[in-house]
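For reference, the structure discussed in these notes is given below.
The values are calculated or read from the model by the stated rules, or taken from the named source; none is laboratory data. These numbers were taken from a predicted model, which means no experiment stands behind them. With ideal geometry, Cβ positions are generated from the backbone for all residues, glycine too; neighbour counts draw on all protein chains shown.
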Amino acid sequence: MAKSYKRDGIWYVRYKDRDGRWRKKSCGKKAIKADAEFLVQMYGAKEMNYRHKAPVKIINVELLEAIKEFRDTVIPIGIRVDKEKSSIIREQTIIDLFSDYLKDNSIKSFKEIMEKTIRGYINKRFQDGRKANTRVKDRRILNRFFSWAVKQSYCAENPVESIEGVKIIPKHPRYFTEEELKKIFVASKDPYTDIYKFLYLTGIRIGELGNLEWRDYNEKQKYITIRVMPGNKTKREETVPLNNDALEILRKRKAAKDNDTYIFVNAEKNKLDNANIYRNLKRILKHRKIKDASPHTFRHTTASHMVIKGISIYTVKDVLRHKSVRETEIYAHLSEDAVRKAVESLSCENF
């Protein structure tokens, strides 16, 4: 059974997990003995549930039925904003693959799910060649499923919680050089030349660009508004300032009168979607032999070029509309040359 003990002034609880292995949990620096005893009772009750294979409170439901319920009724619902269809499909695919794994291993009830079951699935994904980012998403969705199942009283505990997350080694973002940008702009044709230039000049996402309407454009105040809507990642209404080059592009699009509603449209003058941009840019990149790039690379390029020119990482954060500067720090390594140039510009020659 679970036990409490004190070491170096901190109370700990020693307990057995679902697989019968001893683990310890800190009660916190400010915890007192009563706090430790409370956790002892809680973990002791869980251990009894493991032994008897029956939680104190449970609603009998088939595991695969619960998975289907979660897949069809929980995943499609966005908490703050409506989810994009592509996001829903990705998350449902993860659940489907996990369901297939359970079927292949003849696991039919929540009682049969253990920590090693989850580890086995994640290891299988690794053996299948799935990248770390994909396995992080797998763990996140499975964690959501079991947390939801616990709240529904379908199972007693979330077996994913005790599994450490996959460590992702951050990569420096790919950005276009000035030479590559020139090649793309020269090779592209109307309306895609303006589209690629505008993506670079503003740093907005391609989904946001496709949703831009003329009502979002404030010519006098020189900004565009990114509204909260399907296809826009933003969870709050935001504004993006426009420089003279970006303003000139909008004036040109307005004079062309391609569409009364949308600012940027496809070759048929209909609403632009991500697929239009991907297909057009893919052809250009292949023809110009520019590798490892996508439409999102324009956004990385906006940030990277500003950092290289010595713009503060905090200013770049505001341009990209990142919620936290931690998201922008992936570009910080580019500021080393800018800092070096700034230091070398100092001199005592005139003193």
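Considering (1) hydrophobic (A, V, I, L, M, F, W, C); (2) within 23 Å of Lys182 (Cα to Cα); (3) surrounded by fewer than 19 Cβ atoms within 10 Å (Cβ to Cβ); (4) touching a residue at least 12 places away in the same chain (Cβ under 8 Å), the lone condition that Ile249 does not fulfil carries the number (3). Just one of the listed residues (Ala267, Ala303, Ala293) is among the small types (Gly, Ala, Ser), in contact with a Ser or Thr (Cβ under 8 Å, 6 or more places away or on another chain) and touching a residue at least 24 places away in the same chain (Cβ under 8 Å), namely Ala303.
One residue alone among Ala338, Ala303, Ala332, Ala342 is modelled with pLDDT of 90 or more and among the hydrophobic types (A, V, I, L, M, F, W, C), and that residue is Ala303. Out of Ile184, Ile113, one residue alone is modelled with pLDDT under 90 and of a type in the set (Val, Ile, Thr). It is Ile113. Residues in the range 94-118 that are among the charged types (D, E, K, R) and surrounded by 15 or more Cβ atoms within 10 Å (Cβ to Cβ) were compared, and the one that is farthest from the chain's Cα centre (by Cα) is Lys111. Would a scan of the range 37-60 turn up a residue that is modelled with pLDDT under 85, touching a Gly at 6+ places or on another chain (Cβ under 9 Å) and exposed (fewer than 14 other Cβ atoms within 10 Å of the Cβ)? There is no residue in the range 37-60 that is modelled with pLDDT under 85, touching a Gly at 6+ places or on another chain (Cβ under 9 Å) and exposed (fewer than 14 other Cβ atoms within 10 Å of the Cβ). Filter the range 252-269 down to residues that are of a type in the set (Asp, Glu) and surrounded by 12 or more Cβ atoms within 10 Å (Cβ to Cβ), then give me how many there are. The number of residues fulfilling the criteria is 1. Residues that are among the hydrophobic types (A, V, I, L, M, F, W, C) and in contact (Cβ under 8 Å) with a residue 40 or more places away in the chain were ranked within the range 308-330; the one that is nearest to His172 (Cα to Cα) is Ile330.
Please find, within the range 270-290, the residue that is nearest to the chain's Cα centre (by Cα) out of those that are touching a residue at least 24 places away in the same chain (Cβ under 8 Å) and part of a loop (DSSP other than H, G, I, E, B). The selected residue is Asp273.
Note on the range 8-18: residues that are loosely packed, with under 12 Cβ neighbours inside 10 Å and under 16 Å from Glu115 (Cβ atoms) amount to 0.
Selection of first residues in the range 101-127 that are farther than 21 Å from Tyr154 by Cβ and of second residues that are of a type in the set (Asp, Glu) and assigned to a helix (DSSP H, G or I), restricted to Cβ pairs under 9 Å at least 6 apart or on distinct chains, gives the following pairs, ordered by first then second residue: Ile122/Asp138; Arg125/Asp138.
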